[in-house]
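*Asks:* Structure provided below as structure tokens; questions to follow.
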Amino acid sequence: MFRSPSPTPPPPSRPPAASRGPSRVRRPTALVAALATAASLTVPGAAIAAPASVPAPLAGDPRPPVKQPVATGYGGAVSTVDPDASRTALDVLKRGGNAMDAAVAAGATLGVTEPYVSAIGGGGFITYYDAKKRRVYALDGREFAPKRMGQDAFLDPATGKPIPFGEAVTSGLGVGVPGTLAQWDLALRRFGTRDLGTLLRPAIKVADRGFVVDQEFHDQTAVNEARFRDIVPTRKLFLPGGKVPEVGSVFRNPDLAGTYRQLAKRGIGWFYEGGLGREVAGTAAAPPVDPKAARTVRPGLMERGDLAAYRAVMREPTHVPYRGLDVYGMPPSSSGGSTVGEALNILGNFRLDARDPVTALHYYLEASKLAYADRGRYVGDADKVDVPLDELLSPGFARERACLIRPDRAAPAPVAPGSPDGSYEPCVPAGTQTRALAFEGPQTTHLVVADKWGDVVSYTVSIEQFGGSGITVPGRGFLLNNELTDFSFQPPAPGQAPDPNLPGPHKRPRSSMSPTLVLQDGRPRLALGTPGGSTIITTVLQILMNRIDLGMTLPAALTAPRATQRGTPQVYAEQAFIDRYGRELAARGHRLELFPGPPTGVIGAATGLEFLRPGLVQAVAEPTRRGGGSALVVHPVR
Ligand code: GLU
């Protein structure tokens with residue numbers, strides 16, 4: 001559990017701060033006694049070792065670069081899924097850039113090395129702790145729908161039925177107006193100390209020089225091969241020589257290097273108001289499909305005016321107190337902060353004990369089940385629909401929901417949503433109108449960065465599916481997202497509860513992305529996030545419970561086997577989870593099944609960091625899931 005931090009040394013002098021927004025960190029309540037006394041982290045020795053030498057891969061060098069899942073030290077830290085991206089962030093930190101600078105540089109590099117999950121053709125969410133202001137901010141870079149998109153957009157005009165999900169994925173219709181560049185611009189104007197052009201430089205180098213194809217990149221290309229083949233510029237870029245690139249070969253993306261160079265020169269106006277925007281809108285409106293392909297690729301609705309209308313938005317982060325800590329998350333258009341927050345509030349009504357992990361997991365699964373029912377009923381883009389966010393996160397509502405949980409028996413799923421109406425009974429009977437979980441694509445990427453001043457970034461960036469829409473902007477080196485498939489496809493039938501997540505003009509589809517920051521006594525303690533579509537919420541929640549309630553170290557909390565309960569009749573889990581807890585959870589009525597993926601049996605790919613004490617940070621990545629990630633610190637300790 002958490003030890004109380006020792007007094008903070010004065011932060012090093014820092015570059016001038018940009019103007020700051022309005023949200024305030026509320027001071028946490030005192031730690032509960034159990035937490036205050038149960039400090040059990042092993043803090044590595046304080047001796048500073050030589051900076052980690054992580055060799056850069058050379059073009060033609062068939063060895064994939066070195067990855068290490070845990071790094072502990074001073075002076076700043078980063079964790080991403082990719083060694084090139086982590087190294088890029090580390091270099092920015094070493095040269096005096098701050099956490100936001102480093103996060104943008106890493107995001108740009110991920111656009112090169114992880115082009116199937118991250119691109120300037122997508123969007124994302126950032127939570128940010130500003131050490132000088134001692135405030136948490138939330139930056140919404142979620143894609144929005146074209147103006148012409150109405151609530152029936154995903155119904156087939158011929159049949160009136162929803163178009164098949166797979167068809168919507170590989171289509172212009174699923175492409176949202178990308179938010180990434182606007183978000184980077186906002187992030188740098190508000191919090192950065194470097195300009196975008198400077199931060200794109202390392203990514204340009206990687207795109208020109210190339211990176212070594214690893215098994216993950218190979219496999220992600222292979223699962224996309226059929227649709228990539230059908231879309232001419234995608235085939236040209238990602239199937240060089242007509243083939244899936246082999247492990248150990250070097251993959252270059254000079255088109256993307258060129259695009260980044262132009263962006264460095266012309267600024268993001270080229271994208272939102274200029275020639276590149278014209279190309280983006282044109283590509284979504286008329287996807288460049290091989291005329292010989294049998295595939296139906298529906299045209300999109302995007303127009304140039306939609307790009308000009310796009311804005312990334314500063315929002316008030318969600319906040320819930322939990323066991324004496326303060327947990328901040330992403331508000332709508334993501335359901336991440338509200339659903340993680342509500343589930344934590346529910347869990348706060350129970351005593352979770354490391355000596356009885358099965359009971360803790362039972363409560364975790366039941367709390368998730370309830371919070372998901374409320375997410376489905378109440379959460380959508382709050383700029384377009386009313387979301388009762390304060391009530392969803394209120395302790396009264398959580399108590400009302402918690403009293404539906406039986407310690408010995410799982411409730412049949414899905415459960416009905418509650419009534420976050422401000423009037424709470426000690427215990428209300430369960431409602432009846434349930435809603436099944438809509439399918440949501442499962443892949444994106446998360447990164448965390450802390451700098452020597454104590455600023456922290458938690459950033460999830462996405463193009464939705466592995467490979468997004470599968471549509472590459474010709475000659476520009478990046479894929480367009482399919483984020484609009486996160487909308488509900490079918491309006492509710494008469495008599496059914498309203499759906500807050502129907503498509504609409506300039507509406508953002510509900511996300512699950514949960515870039516999370518945890519503060520202790522007003523100072524950052526943990527930063528965390530993961531990909532995984534709607535499993536993002538449960539993965540973040542499970543890691544928080546592992547770390548805060550079950551006393552695991554952050555590396556152990558991240559590595560522990562996972563299960564996800566999102567209102568489905570089954571609990572989907574990793575095999576190791578089923579092996580370890582399946583029998584005992586089944587005795588309480590949970591039906592465990594292997595998580596269907598993709599990838600099968602693997603839930604999420606988290607990254608996180610923890611301040612072990614002021615200045616001393618442990619950066620953590622996955623050791624094995626999705627090929628493992630890369631954690632680095634500026635001054636490692638032995
Ligand atoms: N589209 C998903 C969301 O916004 C993210 C995709 C993923 O994490 O895999 O929640």
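Just so you know, all these numbers are worked out from the coordinates, no wet-lab data involved. Note that this is a predicted model, so its numbers are computed, not measured. Positions of Cβ are generated from backbone atoms using ideal geometry, with glycine treated the same way; all protein chains shown enter the neighbour counts.
*Asks:* Can you sort E610, E425, E167, E464 from fewest to most other Cβ atoms within 10 Å of each residue's own Cβ?
*Replies:* Going from least to most buried by this count: E425, E167, E610, E464.
*Asks:* May I pose another question? Sorting check: for 266-278, 125-137, which peptide has the highest mean count of neighbouring beta carbons within 10 Å, and how do the rest follow?
*Replies:* In decreasing order of mean packing, 266-278, 125-137 become 125-137, 266-278.
*Asks:* Please list 228-241, 91-104 highest first by mean number of surrounding beta-carbon atoms within 10 Å per residue. Write out the running numbers ahead of the final one.
*Replies:* Details: 228-241: 19.5, 91-104: 25.1.
The most tightly packed comes first, giving 91-104, 228-241.
*Asks:* For segment 225-240, list residues with backbone N below 20 Å from a point placed 7 Å from the Cα of A285 toward its Cβ?
*Replies:* 232-233
*Asks:* Each label point is 7 Å from the Cα along the Cα-to-Cβ direction; what then is the distance between the points at A493 and L594, in nm?
*Replies:* Each label point is offset 7 Å from its Cα along the Cβ direction, giving 3.5 nm.
*Asks:* Output ³J(HN,Hα) for segment 67-79: one whole-Hz value per residue in order, computed from phi by the Karplus curve 6.51 cos²θ - 1.76 cosθ + 1.60 with θ = phi - 60°, and x for Gly and Pro.
*Replies:* Going residue by residue, I get 10, 10, x, 9, 9, 10, x, 10, x, x, 8, 8, 9 Hz, with x marking Gly and Pro.
*Asks:* Continuing with this model, one more query. So how strong a dipole does segment 65-175 carry about its Cα centre when Lys and Arg Cβ are +1 and Asp and Glu Cβ are -1, to the nearest 20 debye?
*Replies:* Its charge dipole is roughly 540 debye.
*Asks:* For M545, M302, what ranking results if the residue with the fewest other Cβ atoms within 10 Å of its Cβ goes first?
*Replies:* So the ranking, lowest neighbour count to highest, is M545, M302.
*Asks:* Which entries in the list K205/K243; K161/K236; K67/K452; K205/K507; K161/K369 go over 26 Å, if you measure between the two C-alpha atoms of each?
*Replies:* Correct reply: K161/K236; K205/K507; K161/K369.
*Asks:* Taking neighbour Cβ counts within 10 Å as the exposure measure, how do R409, R566, R375, R355 sort from fewest upward?
*Replies:* In order of increasing Cβ crowding within 10 Å: R355, R409, R566, R375.
*Asks:* List the residues, sorted by chain then number, that are 5 or more residues from G172 or on another chain and whose placed amide H is less than 5 Å from its amide H.
*Replies:* R298, G300
*Asks:* Taking the Cβ-Cβ separation of V358 and F165 as r and a Förster radius of 35 Å, what is the calculated FRET efficiency to the nearest 0.05?
*Replies:* With a Förster radius of 35 Å, E is 0.50.
*Asks:* For the chain, take every pair of Cα atoms, bin their distances at 10 Å starting from 0, and report each bin as a whole percent.
*Replies:* With 10 Å bins starting at 0, P(r) equals 3, 18, 29, 28, 16, 5, 0.
*Asks:* Another question, if that's okay. Go through T109, V634, L447 and say which Cα lies farthest out towards the positive end of the charge dipole of the chain; charges sit on Cβ, +1 for Lys and Arg, -1 for Asp and Glu.
*Replies:* Ranked along the dipole, the leading option is V634.
*Asks:* Using amide H atoms built 1.01 Å from N in the peptide plane, name the residues 5+ places from M513, or on other chains, whose amide H lies under 5 Å from its own.
*Replies:* Excluding prolines and chain starts, which carry no amide H, the hits are S335, G336.
*Asks:* Still on this structure, please answer the following. Provide the per-residue ³J(HN,Hα) series for segment 455-460, in order, calculated from phi with Karplus coefficients 6.51, -1.76, 1.60 and θ = phi - 60°, each as a whole number of Hz, with x at glycine and proline positions.
*Replies:* Listing the rounded values in order: 6, 9, 10, 10, 9, 9 Hz.
*Asks:* What are the ³J(HN,Hα) values, in whole Hz, obtained from phi via the Karplus relation 6.51 cos²θ - 1.76 cosθ + 1.60 with θ = phi - 60°, for each residue of segment 553-568 in sequence order, with x given for Gly and Pro?
*Replies:* Rounded to whole hertz, the list is 5, 4, x, 5, 5, 6, 7, 3, x, 10, 9, 9, 10, 10, x, 8.
*Asks:* Separate question: Once the piece of chain linking R278 and R406 is laid out straight, how much longer is it, given 0.36 nm per residue of separation minus the C-alpha distance between them?
*Replies:* 40.5 nm
*Asks:* Sticking with this one: Need the C-alpha centroid separation for segment 467-517 versus segment 565-621, integer Å.
*Replies:* Each part's Cα centre sits 25 Å from the other's.
*Asks:* Also, I was wondering about something else. For the chain, what does the helix formula give at 222 nm: sum of -39500 (n - 2.57) over DSSP H segments with n ≥ 4, over the residue count, nearest 500 deg cm²/dmol?
*Replies:* -9500 deg cm²/dmol
*Asks:* Starting from the Cα of A556, step 7 Å along the direction of its Cβ; do the same at E584; then give the gap between the two resulting points in nm.
*Replies:* Each label point is offset 7 Å from its Cα along the Cβ direction, giving 1.5 nm.
*Asks:* Sticking with this one: Full-extension gain between R613 and Q575, please, as 0.36 nm times their residue separation minus the C-alpha to C-alpha distance.
*Replies:* Numbers: separation 38, 0.36 × 38 = 13.68 nm, distance 3.48 nm.
My answer for the length gained is 10.2 nm.
*Asks:* Still on this structure, I have one more. How far is it, in nm, from the label point at R189 to the one at N349 when both lie 7 Å from their Cα along the line to the Cβ?
*Replies:* About 4.4 nm, to one decimal.
*Asks:* Work out the FRET efficiency for Q433 and R638 from their Cβ-Cβ distance, taking R0 = 56 Å, and round it to the nearest 0.05.
*Replies:* The formula returns an efficiency of 0.45 here.
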